[in-house]
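The values are calculated or read from the model by the stated rules, or taken from the named source; none is laboratory data. Since the model is a prediction, treat every value here as computed from it, not as a measurement. Heads up, the Cβs are rebuilt from the backbone with ideal geometry, glycines too, and the neighbour counts pull from every protein chain shown.
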Amino acid sequence: MTTTAPTAKALIVVDVQNDFVEGGSLGVEGGRAVASAISGHLAMHAADYDLVVATRDWHDPDTTNGGHFHEPGTDPDYARTWPVHCVAHAKGSDYAPELALRHVDLHVRKGMGEPAYSGFQGVTDDGRPLARALADAGVTQVDVVGIATDYCVRATALDARAAGLDVTVLADLTAAVAPGTREAAIAEMQAAGVSVR
């Protein structure tokens, strides 16, 4: 007699932080509304998830974080270099107040001294890479939500697929930098086997 290994499902909430919502240094239009909508989703569906993970950019102060921040005296190109944002322990790195944290089980920090878009480039508070933390919990399926659809949500979803997970992006619970890059990101994710709904 064979038995099927239990599978678990996780929600990954990507970078819902003060600097990525309206009023932040890299604020995305609709960011605060998405933060509230994610909180509403969790209020209704927390029981659907065995694990809820929230990621944050957590950049070092006083450095360019490996060229992620623009050099002093230069302008960011908004493709490879960015304005200073989500500096560790500063207000901009805090979760947006509209995001309810009571259902979050794991917090992941990324970008500490280096460019990092995907949550899979980060570590939990106890030092585990995200892929290890998900594997430890038996996770085989993930829903991905957050900011921004065309950057860190995209990168996280693609890395989740590369890790062999069944991935769904809940598009209504994401906010994008721009419509064109949003559509390109969705097409890329779908081509990689990510379900976008």
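List pairs: first residue in region 7-20 and assigned to a strand (DSSP E or B), second residue of a type in the set (Phe, Trp, Tyr) anywhere in the structure, Cβ distance under 7 angstrom, at least six positions apart or on different chains.
Note: pairs meeting the criteria are Lys9/Tyr49; Ala10/Tyr49; Leu11/Tyr49; Gln17/Tyr95.
Looking at this structure, is Ala131 in contact with a strand residue (DSSP E or B) (Cβ under 7 Å, 6 or more places away or on another chain), within 14 Å of Thr55 (Cα to Cα) and of a type in the set (Gly, Ala, Ser)? Spell out how you get there, then give the answer.
Working: in contact with a strand residue (DSSP E or B) (Cβ under 7 Å, 6 or more places away or on another chain): no; within 14 Å of Thr55 (Cα to Cα): yes; of a type in the set (Gly, Ala, Ser): yes.
In short, no.
Considering only region 65-80, state which residues are surrounded by fewer than 17 Cβ atoms within 10 Å (Cβ to Cβ) and either in contact with a strand residue (DSSP E or B) (Cβ under 7 Å, 6 or more places away or on another chain) or not β-branched (Val, Ile, Thr) (or both). Step through it out loud before you land on a result.
Of the residues in region 65-80, the ones surrounded by fewer than 17 Cβ atoms within 10 Å (Cβ to Cβ) are 66-67, 71-80.
Within region 65-80, Gly66, Gly67, Glu71, Pro72, Gly73, Asp75, Pro76, Asp77, Tyr78, Ala79, Arg80 meet the criteria.
Considering only residues that are assigned to a loop (DSSP other than H, G, I, E, B) and in contact with a strand residue (DSSP E or B) (Cβ under 8 Å, 6 or more places away or on another chain), which ones fall in region 136-163?
Ala137, Gly138, Ala148
Suppose we filter His89, His103 for residues that are outside any strand (DSSP E or B) and either within 18 Å of His59 (Cβ to Cβ) or touching a His at 6+ places or on another chain (Cβ under 7 Å) (or both); which single one remains?
Checking each option against the conditions leaves just His89.
Being of a type in the set (Lys, Arg), touching a residue at least 24 places away in the same chain (Cβ under 8 Å) and closer than 24 Å to Gln121 by Cβ, is that true of even one residue in region 28-51?
no
So which residues in region 160-184 are closer than 24 Å to Tyr49 by Cβ, surrounded by 15 or more Cβ atoms within 10 Å (Cβ to Cβ) and either over 14 Å from the mean Cα position of the chain (by Cα) or among the basic types (Lys, Arg) (or both), if there are any at all?
Scanning region 160-184 gives Arg161, Ala163, Leu165, Asp166.
If a residue has to be among the hydrophobic types (A, V, I, L, M, F, W, C) and assigned to a helix (DSSP H, G or I) to count, how many in region 164-197 make the cut?
6
Among the listed residues Ala33, Ala37, which satisfies the condition of being surrounded by fewer than 23 Cβ atoms within 10 Å (Cβ to Cβ), modelled with pLDDT of 95 or more, of a type in the set (Gly, Ala, Ser) and in contact with a Leu (Cβ under 6 Å, 6 or more places away or on another chain)?
The unique qualifying residue is Ala37.
Given the criterion over 19 Å from Arg80 (Cβ atoms), of a type in the set (Ser, Thr, Tyr) and at pLDDT 95 or above, identify the matching residue among Thr181, Thr174.
Answer to the check: Thr174.
If you go through region 138-155 one residue at a time, how many are buried (at least 16 other Cβ atoms within 10 Å of the Cβ) and either farther than 25 Å from Ile186 by Cα or in contact with a Cys (Cβ under 9 Å, 6 or more places away or on another chain) (or both)?
Of the residues in that region, 1 qualify.
Looking only at residues that are touching a Leu at 6+ places or on another chain (Cβ under 8 Å) and free of Cβ contacts under 8 Å to residues at least 60 places away in the same chain in region 103-120, which one is surrounded by the most Cβ atoms within 10 Å (Cβ to Cβ)?
It comes out as Val108.
In this structure, does Glu98 turn out to be more than 25 Å from Ser36 (Cβ to Cβ) and assigned to a loop (DSSP other than H, G, I, E, B)?
Numbers: more than 25 Å from Ser36 (Cβ to Cβ): no; assigned to a loop (DSSP other than H, G, I, E, B): yes.
No: the conditions fail for Glu98.
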